[in-house]
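Step one of this worksheet: look at the structure below.
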Amino acid sequence: MPIMNGYEATEVIRNFENKEIANIPILAMTANAFEEDKRAALEAGMNGHLAKPVDIVELKNVLKKVLNN
């Protein structure tokens, strides 16, 4: 991303005053598929992590999980 990375964008969103907006689901979608990448996304405040190329079945499963919480 040209101005900030996904971790920085997540921090900005999570700090919005409007809690409805601040709590929107955020998923990392990256070519980095190591466990430490997944952990970093969750620690940054994201709700999930998907590795590219995206598997549609996995995407659906992650979305179901995120939207049901």
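A short reminder: the numbers here are calculations on the coordinates, not readings from a lab. Just so it is clear, the model here is predicted, and its values are computed rather than measured. Here Cβ is always computed from backbone atoms with ideal geometry, including for glycine, and neighbour counts include all displayed protein chains.
Descriptive notes on the structure:
- Dipole moment magnitude, nearest 20 debye, the chain about Cα centre, only Lys, Arg, Asp, Glu C-beta charged: 280 debye
- Projecting the Cα atoms of Leu50, Ile21, Val62 onto the charge dipole of the chain, computed from C-beta unit charges around the Cα centre, puts Val62 farthest toward the positive end.
- Listed values (1) 5.9; (2) 5.0; (3) 5.4 include one computed from this model; for mean projected area of the Cα convex hull in nm² that value carries the label (2).
- Mean Cα-pair separation over length for the chain, i.e. relative contact order, pairs under 8 Å, 6 or more apart, %: 28 percent
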